[in-house]
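Below you'll find the structure, written out as structure tokens, and then a few comments.
Just so it is clear, none of the values below were taken in a lab; they were calculated from the coordinates. Bear in mind the structure is a predicted one, so any value in this text is a computation, not a measurement. Note: ideal-geometry Cβ built from the backbone for every residue, glycine included; neighbour counts use all protein chains shown.
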Amino acid sequence: MSDLSETKQIPPPLWLLAEITYRCPLHCVFCYNPLNYAEDKKELTTDQWKDVLRQARKMGAAQLGFSGGEPLVRDDLEELIGEAHQLGYYTNLITSGVGLTEERISKMKSLGLDHIQLSFQDSTKEMNDFLSSTKTFDLKNRVAKLIKKYDYPMVLNVVLHRYNLDHIGRIIEMAVEMGVEYLELANTQYYAWAHVNRDQLMPSREQLERAEAVVNEYRAKLGNKLRLLFVVPDYFEDKPKACMNGWGSVFLAVAADGSALPCHAAKTLPGLTFPNVAEEKLDDIWYRSDAFNRYRGFEWMKEPCRSCADKEKDFGGCRCQAYALLGDAEAADPVCGKSPHHDDVKKIVLHARTAAAQEKPLIYRNDANSVKYATIPIRDARDTVI
């Protein structure tokens, strides 16, 4: 636990992610929601969420994302948007588009929603619907037109992997036709359901390089007409990302059941009990809880991180990834070239290219699979045969 004098050294949270529900009509094979989300159906009430928003704003949080699951599943979303606007947040709705009618978007606009990020799975109906196990491509196109109609910044997110990397040119063309202003091409990061499907989703290095070359060609051609963000998957790097800008530094997530988390995947880590906002004040959770202080600073680090000159830039990389790959949350993120386990990551990339890996079935995110995986540690889940 941290004493009161130490809280002065800890910056307040600036970015609050409200995962208001894990319910979702989509079944994406790369979903970052917990594998065991179906194990607990509890969700914070409207009043409890309002209290969270007030507490976080008082602490200094300025940006708020409504996420899930699919946040539009909750019929109090508009009420929460209105409350957030009154409190002074910059608000962002992160959505698949399912459930966003003209009536709802009109009301959200009037209540002060600032931003909408719409997800697609691919540029074709067949692949979009295959990857989410739904028939939503046409609906997403209608929602994109509504977003433009109500004069929102047009922001599109597409998660990339083996199945759609070769379509990246068509994805960008689709975005141009829609009038997208900002396209996030986010290569899969292998947590939760993506970790289970890692071998099937992992692209080859050649495929990734071809895709990045296409992105650069479009950047040169489109200029400022469309901003393109291309996020390379960690496994193909030799420098770890500064996960969440450091554990408990900027980012605070509150899960549907009220668990406060330093990152989306933190519940996968053993030996940590994450406080619940229904039981504890957010201020105490952020500044004083063991969960939020465990990996702050540098004292927890082992070598080679402890003596590394880059530790103040990358903070040792991702704790959840270190645990998922090595079973040790305090180890250097193995995507780092200085990690003694970096070769293990290279082997994973090579293994994913084999025919055997490609023949494994994709595991869709749904309640039945969630129940099945509820008792399987994330680092072992990918080896389970369905």
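Before moving on, here are some points about what is shown:
- Counted residue by residue at 0.36 nm each, then reduced by the alpha carbon distance between them, the extension gain from residue 205 to residue 124 reaches 26.8 nm.
- 3J(HN,Hα) along the range 132-143, derived from phi through the Karplus expression 6.51 cos²θ - 1.76 cosθ + 1.60 where θ = phi - 60°, amounts to 9, 6, 9, 10, 10, 4, 5, 4, 4, 5, 5, 5 Hz, with x in place of Gly and Pro.
- Segment residue 360..residue 221, full-extension length gain: 46.2 nm, with 0.36 nm per residue of separation and the alpha-carbon distance subtracted.
- Mean separation of Cα contacts under 8 Å (6+ apart) over length of the range 14-90, as relative contact order %: 53 percent
- Calculated P(r) tail over 26 Å for the chain, as whole % of Cα pairs: 54 percent
- Nonlocal amide H pairs with residue 239, under 5 Å, H built at 1.01 Å: 337
- Taking a point 7 Å from the Cα of residue 149 along the Cα-to-Cβ direction, the residues of the range 104-122 with backbone N closer than 11 Å to it are 104-106.
- Cβ crowding within 10 Å averaged over residues, with 27-36, 281-290 ranked highest first: 27-36, 281-290
- Spin-label zone in the range 180-222 - amide nitrogen under 16 Å from a point set 7 Å from the Cα of residue 229 along the C-beta vector: 180-189
- In Hz, Karplus ³J(HN,Hα) per residue of the range 245-252 (6.51, -1.76, 1.60; θ = phi - 60°; x = Gly, Pro): 6, x, 4, x, 10, 10, 9, 9
- Inter-part distance where the range 321-372 and the range 5-49 are each reduced to a Cα centre, Å: 23 Å
- Protection proxy ranking, peptides 110-122, 361-373, average beta carbon neighbours within 10 Å, highest first: 110-122, 361-373
- Hydrodynamic radius (Kirkwood) for the range 298-340, which is based on Cα pairs only, to one decimal in Å: 10.0 Å
- Beta bridge orientation in the chain: antiparallel %, DSSP, nearest 5: 10 percent
- Pairs from the table (107/149; 140/225; 311/338) lying more than 20 angstrom apart at Cα are 140/225.
- On the principal axes of its alpha-carbon atoms, the range 238-303 has extents of 40, 22, 22 Å, going from largest to smallest.
- Computed log₁₀ I(q)/I(0) - Debye formula, equal Cα scatterers, no solvent, the range 225-349, q 0.19 Å⁻¹: -1.03
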